[in-house]
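Student: Take a look at the following structure, please.
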Amino acid sequence: MKTLADILPGIIEFRHALHRIPEMAGQEFKTSQLIRERLAVLGLEVLPPFLGTDVVALLHGGRGAGRNVTLRADIDALALEEATDRPYRSTHPGHMHACGHDGHAAMVTGAAELLVSRRDEFAGSVRFVFQPGEENRAMGRELVAAGVLENPAADVVTALHGMPGLPIGTLATRTGAIMASCAHFKVVLRGKGGHSSRPALSRNPVTAAAALVHELEGMTGRLVDSQRPAVLTICRIAGGELANVIPDEAVVEGTIRSLSPDSDAVLEDGFRRTVAAVGAMRGIETEIEYRLSYPVTENAPEPTELAREVIRAGSGRYVELAESSMGAEDFAYYLKRCPGVYVKVGTGENSPAIHNSRFDFPDEALPFGIEYLVNFSLAALG
């Protein structure tokens, strides 16, 4: 039986290899090939891709049929120029692993290596999912819809994510909502352009956009109880090119996030009514694009309690998350289909924030995540 100490040097080297080749959502060709080759060496049943750049493998226990545990890692990168001086820094200009997905993939790979050496200890199976396109495209939705949690049907799922500010060696989670939903919106406001000296002859979409922003800023407080956090953020306003020309069109874009699935429909309805009201008042035609990309990520009670027990029994330290994050995560789609738990892994109290050009998933955090994944799998399989 292999130990964590046996595999850790190779897993660190593997993470560095992944870090060098960051690839954007749906374009993870080199990344998936590297993962696929490593899993094949382990003797796992590596399945044909569901979406193109995903990698899914099955490990069957030596004691016959039983439950299935699914471990998921995301593998895509971000459009950022890396600002670290690591010897394994990105070799792809303008792209880097600024969210730690190289670390997530390395931890699931490490868990696979250890579980292969312990397959005679359990019945059932472990599924290893390396998912493309978590960032912006939420390809977890497509992967779940394509049947990644079937044949065999998953009984429980878990995933890890690095958390800056949390000390290395610490793992944390909570029951219920741990990450928010996220809807992306774009509103095109179409009026009638003209010269700035005669605004009465025009219908100004820029001032209509300003009025819309004002109305939207207070919308969540009017629609959602203050005990159910919701955040609407305007991220882009565009309209016009010259100081003395009223344009025909303006655009407002942003996101709406909440921690209650019940709030999502209420917020979308309120958003659409607000846009329509401003358009009618200003004589402006409006066009709405509204997409709920990520539902609320909700941890189920039993898997979450099992995660707590497993972490407390291991070499790491358990911390109960005091509050949920308003960030979003497409692991939510797995949790809508199957009970499971999403766990945060500390990347250090002084770690740069994720989505920062200086972030690098620390090698020192890898063994704590691998240990959790292995022990959770064995405990869930019984």
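Student: Could you grab me the full set of residues in the stretch 210-224 that are assigned to a helix (DSSP H, G or I) and either in contact with a Pro (Cβ under 8 Å, 6 or more places away or on another chain) or surrounded by 12 or more Cβ atoms within 10 Å (Cβ to Cβ) (or both)? Before the answer, list the steps.
Tutor: Going residue by residue through the stretch 210-224, those that are assigned to a helix (DSSP H, G or I) are 210-217, 219-223.
Those that are assigned to a helix (DSSP H, G or I) and either in contact with a Pro (Cβ under 8 Å, 6 or more places away or on another chain) or surrounded by 12 or more Cβ atoms within 10 Å (Cβ to Cβ) (or both): Ala210, Ala211, Leu212, Val213, Glu215, Leu216, Glu217, Met219, Thr220, Leu223.
Student: Next question, about the same structure. Residue under question is Thr233, and the condition is that it be of a type in the set (S, T, N, Q), buried (at least 21 other Cβ atoms within 10 Å of the Cβ) and at pLDDT 95 or above; does it hold?
Tutor: Numbers: of a type in the set (S, T, N, Q): yes; buried (at least 21 other Cβ atoms within 10 Å of the Cβ): no; at pLDDT 95 or above: yes.
No.
Student: Would you be able to say whether some residue in the stretch 50-62 is in contact with a helix residue (DSSP H, G or I) (Cβ under 7 Å, 6 or more places away or on another chain), assigned to a loop (DSSP other than H, G, I, E, B) and either without any contact (Cβ under 8 Å) to a residue 12 or more places away in the chain or at positive phi (or both)?
Tutor: No, the conditions are met nowhere in the stretch 50-62.
Student: Follow-up question, since we're still on this one. Against the condition more than 19 Å from Tyr334 (Cα to Cα) and of a type in the set (Asp, Glu), how does Glu298 come out, does it pass? Steps first, answer last, please.
Tutor: Details: more than 19 Å from Tyr334 (Cα to Cα): no; of a type in the set (Asp, Glu): yes.
Against the criterion (more than 19 Å from Tyr334 (Cα to Cα) and of a type in the set (Asp, Glu)), Glu298 does not qualify.
Student: Here are some residues: Tyr318, Tyr290. Which one is of a type in the set (Phe, Trp, Tyr) and within 30 Å of Ala379 (Cβ to Cβ)? First the steps, then the outcome.
Tutor: Working: Tyr290 fails: within 30 Å of Ala379 (Cβ to Cβ).
Within the list Tyr318, Tyr290, the selection yields Tyr318.
Student: Another question, if that's okay. All but one of (1) in a helix (DSSP H, G or I); (2) over 30 Å from Leu292 (Cβ atoms) hold for Leu242, so report the exception by its number.
Tutor: Condition (1) is where Leu242 drops out.
Student: Right, another one. Which pairs do you get when a residue that is in contact (Cβ under 8 Å) with a residue 60 or more places away in the chain and under 12 Å from Leu189 (Cα atoms), found in the stretch 270-292, comes within reach of a residue that is small (Gly, Ala, Ser) and assigned to a helix (DSSP H, G or I), reach meaning Cβ atoms under 6 angstrom, with the pair 6+ apart or on two chains?
Tutor: Val278/Ala211; Arg282/Ala208; Ile284/Ala208; Thr286/Gly279
Student: Out of the stretch 70-110, which residues are in contact (Cβ under 8 Å) with a residue 60 or more places away in the chain and β-branched (Val, Ile, Thr)?
Tutor: Of everything in the stretch 70-110, those that are in contact (Cβ under 8 Å) with a residue 60 or more places away in the chain and β-branched (Val, Ile, Thr) turn out to be Thr70, Thr84, Thr91, Val108, Thr109.
Student: Give the number of residues within the stretch 37-46 that are buried (at least 17 other Cβ atoms within 10 Å of the Cβ) and either outside any strand (DSSP E or B) or not aliphatic (A, V, I, L, M) (or both). Lay out the reasoning, then the answer.
Tutor: Residues of the stretch 37-46 buried (at least 17 other Cβ atoms within 10 Å of the Cβ): 38-39, 44, 46.
Add one more test, that the residue is either outside any strand (DSSP E or B) or not aliphatic (A, V, I, L, M) (or both), and what stays is 38-39, 44.
So the count comes out to 3.
Student: Checking Ala111 against (1) more than 30 Å from Ile370 (Cβ to Cβ); (2) assigned to a helix (DSSP H, G or I), which test does it fail?
Tutor: (1)
Student: Looking for something acidic (Asp, Glu), modelled with pLDDT of 95 or more and either buried (at least 19 other Cβ atoms within 10 Å of the Cβ) or out of contact with any strand residue (DSSP E or B) (no Cβ under 8 Å at 6 or more places or on another chain) (or both) - is there at least one such residue anywhere in the stretch 249-256? Outline the logic, then answer.
Tutor: First, the residues of the stretch 249-256 that are acidic (Asp, Glu): 249, 253.
Now narrow it down to the ones that are modelled with pLDDT of 95 or more: 249, 253.
From what's left, either buried (at least 19 other Cβ atoms within 10 Å of the Cβ) or out of contact with any strand residue (DSSP E or B) (no Cβ under 8 Å at 6 or more places or on another chain) (or both): none.
Scanning the stretch 249-256 turns up no residue that is acidic (Asp, Glu), modelled with pLDDT of 95 or more and either buried (at least 19 other Cβ atoms within 10 Å of the Cβ) or out of contact with any strand residue (DSSP E or B) (no Cβ under 8 Å at 6 or more places or on another chain) (or both).
Student: On the basis of being assigned to a helix (DSSP H, G or I), basic (Lys, Arg) and farther than 19 Å from Ser293 by Cβ, does Arg228 make the cut? Step through it out loud before you land on a result.
Tutor: Numbers: assigned to a helix (DSSP H, G or I): no; basic (Lys, Arg): yes; farther than 19 Å from Ser293 by Cβ: yes.
Taking the combined requirement at face value, the residue does not satisfy it.
Student: Right, another one. Select, from Thr233, Thr255, the only residue that is free of Cβ contacts under 8 Å to residues at least 40 places away in the same chain, under 25 Å from Ala328 (Cα atoms) and polar (S, T, N, Q). Explain how you work it out, then say what you get.
Tutor: On the way: Thr255 fails: free of Cβ contacts under 8 Å to residues at least 40 places away in the same chain.
Checking each option against the conditions leaves just Thr233.
Student: Just the residues that are surrounded by fewer than 20 Cβ atoms within 10 Å (Cβ to Cβ) and either touching a His at 6+ places or on another chain (Cβ under 9 Å) or aliphatic (A, V, I, L, M) (or both), please, taken from the stretch 1-19.
Tutor: Met1, Leu4, Ala5, Leu8, Ile12, Ala17
Student: Go through the stretch 290-382 and tell me which helices (runs of 4 or more DSSP H), entirely inside it, have 3 or more residues that are over 17 Å from Ser181 (Cβ atoms) and of a type in the set (Gly, Ala, Ser).
Tutor: Working: elements: 301-313, 332-337, 366-381.
Here the list reads 366-381.
Student: Condition first: buried (at least 16 other Cβ atoms within 10 Å of the Cβ) and without any contact (Cβ under 8 Å) to a residue 60 or more places away in the chain. Can you find one or more residues in the stretch 365-380 that meet it?
Tutor: No, the stretch 365-380 has no match at all.
Student: Criterion first (aromatic (Phe, Trp, Tyr), more than 26 Å from Glu268 (Cα to Cα) and buried (at least 20 other Cβ atoms within 10 Å of the Cβ)) does Phe185 satisfy it? Steps first, answer last, please.
Tutor: Details: aromatic (Phe, Trp, Tyr): yes; more than 26 Å from Glu268 (Cα to Cα): no; buried (at least 20 other Cβ atoms within 10 Å of the Cβ): yes.
Spelling it out, it is not the case that Phe185 is aromatic (Phe, Trp, Tyr), more than 26 Å from Glu268 (Cα to Cα) and buried (at least 20 other Cβ atoms within 10 Å of the Cβ).
The values are calculated or read from the model by the stated rules, or taken from the named source; none is laboratory data. Since this is a predicted model, take the numbers as computed values, not measurements. Cβ: placed from backbone, ideal geometry, glycine included. Neighbour counts: every protein chain shown.
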